Structure formats: C-alpha cells, structure tokens
Amino acid sequence: MGVKFAHALGAHVVMITTSADKGRDAKRLGADEVLVSRDAAQMKAHAGSFDFLLNTIPVGHDPTPYMGLLQREATMCLVGVLTELDPPLTGGSVIFGRKHLTGSAIGGMAETQEMMDFCAEHGIVSDVEMIDIKNVNEAWERMAKNDVRYRFVIDMATLPNAA
C-alpha cells in the first residue's frame, strides 16, 4: 500500500525487498525501481540517496543498513515492526548525517476518512489472497516463509464448514 500511495502522490518510488522475484510485483504496484537489500552492490549504489524511507518490515530486523540509504537530515518512519529492533539501531547511523527515526500508527477517524477518499479518487485497493478458514494453518506457515502476496483474508462464509 505504501508503494501505491507514494506513486499516487507523485513520488519517485524505490521498493526495497529481500527477494528479487518481487520486482515484477513492485513495478505493477507503481514502483519506479526495485532495490534488493541482500545485494550489497545495490545497497551501496543507493547509499545516501533517499529523502524518506517508509519501513513496513513487520518483524524485528536490523535498521542500520536502511539508515545508510538516507540523505542528510532525512527520515525513516517505522510502521510495521512492533517488537524490538534486532540488533538495536546504532547511534552512529543516526548521528552522522543528522538522520531521523520516527514511527506512526493508525490515525483517527478524520485521517482514516481522508485516506479512504484518496484511495477512491486514485483507484487504490489492497492486494489480498482469499483463503478458506480450513487453510488458516497453511496460511500461517506461508506467512512465516514470506510467501504471501500481500495479505491473507479469511472468507468468513467458509466458517460453518470448519466444524
């Protein structure tokens, strides 16, 4: 969703992923470029080039390499991880370059309505994979393997068949 919003707002969007095979999806979602974070050469080529980084990684991770992508006085905003960062952020990754780390959670009613209006105006919808309730354990295993494009939604009409 972050890629879709940024694209609709007119930003030059670079989607960062650990998996090169998500590149096609990134372009379909509106990314101008794809950066594979496990590729040291790509990370080095993008060092100091971002003015903003929306970090949607939902699990504990090392934020330091991403801080290195930011320009001087730029910001990384965490919106995904609710657990500790692992390893913790190093002070030097923030101090050198006067970089900022912030976070954001869901907005209130006014912000939610503004977002919904923006989505309607720009044709932005969530990409989901509908699953039967009987497949919830399989979905959990796939999520643990990072094999989800991009959210699972349980079809509640299948609930009576679960018993």
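The values are calculated or read from the model by the stated rules, or taken from the named source; none is laboratory data. The shown structure was predicted, so the numbers you read here are calculated from the model rather than taken from an experiment. As a convention, Cβ positions derive from the backbone with ideal geometry for all residues, glycine included, and neighbour counts pool all protein chains shown. We work out accessible area using only protein heavy atoms, side chains counted, and drop any ligands, DNA or RNA first. Shrake-Rupley method; radii C 1.70, N 1.55, O 1.52, S 1.80 Å.
Numbers below:
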{"item": "Only one of Val59, Val79 that is open to solvent by 40 Å² or more (accessible area, probe 1.4 Å) and touching a helix residue (DSSP H, G or I) at 6+ places or on another chain (Cβ under 9 Å)", "result": "Val79"}
{"item": "The one condition in (1) under 26 Å from Ala45 (Cα atoms); (2) at pLDDT 90 or above that Met115 fails to fulfil", "result": "(1)"}
{"item": "Positions within the stretch 85-111 being in contact with a helix residue (DSSP H, G or I) (Cβ under 6 Å, 6 or more places away or on another chain) and either in a helix (DSSP H, G or I) or open to solvent by less than 40 Å² (accessible area, probe 1.4 Å) (or both), in sequence order", "result": "Ser93, Lys99"}
{"item": "Filter result (of a type in the set (Asp, Glu) and modelled with pLDDT under 85) within the stretch 124-163", "result": "Asp147"}
{"item": "Failed item in (1) part of a loop (DSSP other than H, G, I, E, B); (2) open to solvent by 80 Å² or more (accessible area, probe 1.4 Å); (3) touching a strand residue (DSSP E or B) at 6+ places or on another chain (Cβ under 9 Å), with Val148 passing the rest", "result": "(2)"}
{"item": "First in the stretch 27-43 and among the small types (Gly, Ala, Ser), second anywhere and open to solvent by 60 Å² or more (accessible area, probe 1.4 Å), Cβ under 6 Å, 6 or more apart", "result": "Gly30/His7"}
{"item": "Selected residue [closer than 19 Å to Asp127 by Cβ and out of contact with any Phe, Trp or Tyr (no Cβ under 6 Å at 6 or more places or on another chain)] from Val36, Val79", "result": "Val79"}
{"item": "Hits in the stretch 63-76 (condition: more than 21 Å from Glu33 (Cβ to Cβ) and surrounded by 14 or more Cβ atoms within 10 Å (Cβ to Cβ))", "result": "Thr64"}
{"item": "Those residues of the stretch 40-56 which are among the polar types (S, T, N, Q) and open to solvent by less than 40 Å² (accessible area, probe 1.4 Å), in sequence order", "result": "Asn55"}
{"item": "Check on Ile124, in a loop (DSSP other than H, G, I, E, B), open to solvent by 40 Å² or more (accessible area, probe 1.4 Å) and among the aliphatic types (A, V, I, L, M)", "result": "no"}
